[in-house]
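The values are calculated or read from the model by the stated rules, or taken from the named source; none is laboratory data. Note that the coordinates shown come from a computational prediction; the quantities given were computed from them, not determined experimentally. Glycine gets a Cβ as well: all are built from the backbone with ideal geometry, and neighbour counts include every protein chain shown.
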Number of protein chains: 2
Amino acid sequence: MENFKLFGNIDRAQNFLESIKSGKSLFSFVISYTETCEIPGITFAGADKNSIQFTPPADAEYLHYGYCKTIDKIPMTPDGKPTPGLLTKTALESSSIPHLTINAGSKISPQLPFIETGLSFGKNILTKDAMTDSQVSHAVDFGRIVGRSLASLTDCLIIGESIPGGTTTALAVLRAFGYDAKVSSSIPDNPVELKNKIVESAMKRINSDHPYSIVAKVGDPMIPFVAGMLSSASGVSKVMLAGGTQMSAVLAFASKIGFNEENTAIGTTSYITNDESANFKDLVQDIVDIPIISVDPGLKNSRYSGLRAFSEGFAKEGVGAGGSIISSMLKTGNDSAKFLDLVEAEYGRLFT
Amino acid sequence: MENFKLFGNIDRAQNFLESIKSGKSLFSFVISYTETCEIPGITFAGADKNSIQFTPPADAEYLHYGYCKTIDKIPMTPDGKPTPGLLTKTALESSSIPHLTINAGSKISPQLPFIETGLSFGKNILTKDAMTDSQVSHAVDFGRIVGRSLASLTDCLIIGESIPGGTTTALAVLRAFGYDAKVSSSIPDNPVELKNKIVESAMKRINSDHPYSIVAKVGDPMIPFVAGMLSSASGVSKVMLAGGTQMSAVLAFASKIGFNEENTAIGTTSYITNDESANFKDLVQDIVDIPIISVDPGLKNSRYSGLRAFSEGFAKEGVGAGGSIISSMLKTGNDSAKFLDLVEAEYGRLFT
């Protein structure tokens, strides 16, 4: 277990890691969209403004096929740094963990079979309510159905997400629920002031303290959907929320609708738990008493600058990378150095 | 095992039943549509002409919620006989077998989370090609993806279907592949002459002996999709095709694209294997050397005429009823009498 750092409830963390090691895992990849990502400067999750909407389905296609159908290349930042999906793909493939894609409000459908929920994408919270209350109910209800179904098919359900601009809606939801949140970003020079301006504007529209109403005003479809999944799945199997900031917003909302804490952990990368511009570990522990499992993917030692970038603050997390790497290392016995070899081979396949 | 009759490869049948008993099962419900069902007199799968298109999604909703959202009541024949989904629902619920719905060309989407494939419904084969060759490729490819994913999550993948009018397209595919097929019907007075007329008309359009081309001309989307599922899933887990006539057409096409016969069985009701107007057992054995497992659901002893009707030739099979009952009896140890009690309780809940 020396590959991981554990925070929060350490006993539960050890127990959680043991059960992943011995059981079956299933990676579920929830793709979604918030128009908030269209605010200039808010995200790097796409080569340019127009391509951001293709990032979630393209990530799903890349995980499945090893290439994308919706766009020509795999998703990357404007200056060519690859999607964290590259880490997820390497992790899942090396450990033969199966995966399913779930469309919970993506603007574009992926070109592969996926679980459809009928959810619409979220509106730009700078200027509008993200959703209606009834859309939030729909997201929670369908999340519960999907969570229960998938958890019945595995011992540990890993949930990752792709929603560009999602750290901003996550920040708004966390603040609206009263948490002193400072969130991470896909951009090293985290656009904190811009995010704060958007969040303040969005919070002015809140006119009820009902959790569904709050998420409807300032959230995005991923948050209530994944909270619904967690709520039912954690009654049936272990659940690892694979992500950083956005999964802390899921936890904040899920703690209002109820879930089984004893079966739940959050798994992420050391790039999130070490991020000085955010307060991830304190925040999660403030919300709920679950373990935080953090893995160092070892990318700072890479010979490729495109991989070293993750350790320098680009992307940091996403597409469930951290949780996937944790599960993969537990199943294969690989350490960070071996994982780096595998990631470099995949990077080489894609770019050289 | 005295609840079942075994035909075909008996050794494989015994082996198959043993592995279902000890392992986990997953029921996948494939909904689809062919405009062939709009030919008057061809199907009873709906209360009237307009409601037939709602039958597949409504069956899916009923299996999941215990009631339908797309229509007011559960699907039934024009004179009020219930969908065979009632048998499936009872079987799955009593044995806690999980299920997932897959939309492979339904005209209407169900109001629950489901696996989306992007397939279009099939055209009326009396007057048009059912699909293009490239739609058949899409169906096979996506079927393979779904089959591999689901099989990796279970020990036995049960596949059921709902496609009104599907026995007619199945008959056309079987005849086009050179089998001397006489197929069953949801109608006791099987409209054989009408079916033959449609099939003859459709077969005139066949201008290639390529299996994809044949299915494109005279089939429906369910057949290549489920054949694709079988093709990949049978390499990973056991697969039970739950159905009668339509699953024999799937087998005919699947034997052209390849699948693992040792992991495959067909499970159905005695109402199919005893049907004198069809030649199901001989037909399946003519196509491929796999076991046929047949169960008597015991409905002739019911106090409800709506349930006795199944034993009198109405519906006979559908929504994977036979295969679900077989799997359920193996897991619970129930016999036909106990199953009848459970079905009557469900019938009572719905109708009294």
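Among the residues of the stretch B:325-334, count how many are outside any loop (DSSP other than H, G, I, E, B) and over 18 Å from B:Ile10 (Cα atoms). The total comes to 5. The set of residues from the stretch A:309-324 being assigned to a loop (DSSP other than H, G, I, E, B) and of a type in the set (Gly, Ala, Ser) comprises A:Gly313, A:Ala315, A:Gly318, A:Gly320.
Under the condition of being out of contact with any strand residue (DSSP E or B) (no Cβ under 7 Å at 6 or more places or on another chain) and either closer than 22 Å to A:Gln111 by Cβ or not in a helix (DSSP H, G or I) (or both), the residues counted in the stretch B:79-108 number 7.
For the stretch B:150-170, name all the residues that are of a type in the set (A, V, I, L, M) and either more than 9 Å from chain A (Cβ to nearest Cβ) or without any contact (Cβ under 8 Å) to a residue 24 or more places away in the chain (or both). If the condition is that a residue be of a type in the set (A, V, I, L, M) and either more than 9 Å from chain A (Cβ to nearest Cβ) or without any contact (Cβ under 8 Å) to a residue 24 or more places away in the chain (or both), then B:Ala151, B:Leu157, B:Ile158, B:Ile159, B:Ile163, B:Ala170 are the ones that fit.
The residues of the stretch A:224-245 that are modelled with pLDDT of 95 or more and either within 13 Å of the chain's Cα centre (by Cα) or among the hydrophobic types (A, V, I, L, M, F, W, C) (or both), listed by number, are A:Phe225, A:Val226, A:Ala227, A:Met229, A:Leu230, A:Ala233, A:Val236, A:Val239, A:Met240, A:Leu241, A:Ala242, A:Gly243.
Each row is one residue, and each column tells you yes or no for (1) under 27 Å from B:Val226 (Cβ atoms); (2) modelled with pLDDT under 95.
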residue: B:Asp275; (1), (2): yes, yes
residue: B:Ser294; (1), (2): yes, no
residue: B:Ser302; (1), (2): no, no
residue: B:Ser305; (1), (2): no, yes
residue: B:Glu312; (1), (2): no, yes
residue: B:Ser328; (1), (2): yes, no
residue: B:Thr352; (1), (2): no, yes
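Report whether or not B:Pro40 is surrounded by fewer than 24 Cβ atoms within 10 Å (Cβ to Cβ), farther than 24 Å from B:Gly267 by Cβ, touching a Phe, Trp or Tyr at 6+ places or on another chain (Cβ under 8 Å) and modelled with pLDDT under 95. The answer is no for B:Pro40. Candidates A:Leu251, A:Leu230: the one that is touching a Leu at 6+ places or on another chain (Cβ under 8 Å), without any contact (Cβ under 8 Å) to a residue 60 or more places away in the chain and away from chain B (no Cβ under 14 Å) is A:Leu251. Taken over the stretch B:51-92, residues that are surrounded by fewer than 19 Cβ atoms within 10 Å (Cβ to Cβ) and either on the phi > 0 side of the Ramachandran plot or within 13 Å of chain A (Cβ to nearest Cβ) (or both) amount to 4.
When the residues of the stretch B:122-149 are filtered to those that are of a type in the set (S, T, N, Q) and closer than 27 Å to B:Arg205 by Cβ, the one that is farthest from the other protein chains (Cβ to nearest Cβ) is B:Thr127. If you go through the stretch A:322-342 one residue at a time, do you hit one that is within 19 Å of A:Asp59 (Cα to Cα) and among the aromatic types (Phe, Trp, Tyr)? Scanning the stretch A:322-342, I find no residue that is within 19 Å of A:Asp59 (Cα to Cα) and among the aromatic types (Phe, Trp, Tyr), so the answer is no. Residues of the stretch A:57-82 that are among the charged types (D, E, K, R), out of contact with any helix residue (DSSP H, G or I) (no Cβ under 8 Å at 6 or more places or on another chain) and closer than 16 Å to A:Val30 by Cβ: A:Glu61 alone. Looking across the stretch B:335-352, just one residue is in a loop (DSSP other than H, G, I, E, B) and surrounded by 13 or more Cβ atoms within 10 Å (Cβ to Cβ), and that is B:Asp335. Residues that are within 14 Å of chain A (Cβ to nearest Cβ), touching a His at 6+ places or on another chain (Cβ under 6 Å), on the phi < 0 side of the Ramachandran plot and surrounded by fewer than 24 Cβ atoms within 10 Å (Cβ to Cβ) do occur in the stretch B:98-121, at least one of them.
Count of the stretch B:43-75 residues, restricted to those that are at pLDDT below 90 and either under 17 Å from A:Phe142 (Cβ atoms) or within 19 Å of the chain's Cα centre (by Cα) (or both), is 4.
Yes/no per residue for (1) farther than 12 Å from A:Asn3 by Cβ; (2) in contact with a Ser or Thr (Cβ under 8 Å, 6 or more places away or on another chain); (3) hydrophobic (A, V, I, L, M, F, W, C):
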site	(1), (2), (3)
A:Leu299	yes, yes, yes
A:Arg303	yes, no, no
A:Phe310	yes, yes, yes
A:Gly320	yes, yes, no
A:Gly323	yes, yes, no
A:Ser327	no, yes, no
A:Asn334	no, yes, no
A:Asp341	yes, no, no
A:Thr352	yes, no, no
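Considering A:Ser19, A:Ser25, the condition of being at negative phi, small (Gly, Ala, Ser), surrounded by 19 or more Cβ atoms within 10 Å (Cβ to Cβ) and touching a residue at least 60 places away in the same chain (Cβ under 8 Å) is satisfied by A:Ser25 alone.
Here B:Ala216 meets each of (1) over 27 Å from B:Phe314 (Cβ atoms); (2) part of a strand (DSSP E or B); (3) among the aliphatic types (A, V, I, L, M) with one exception, condition (2).
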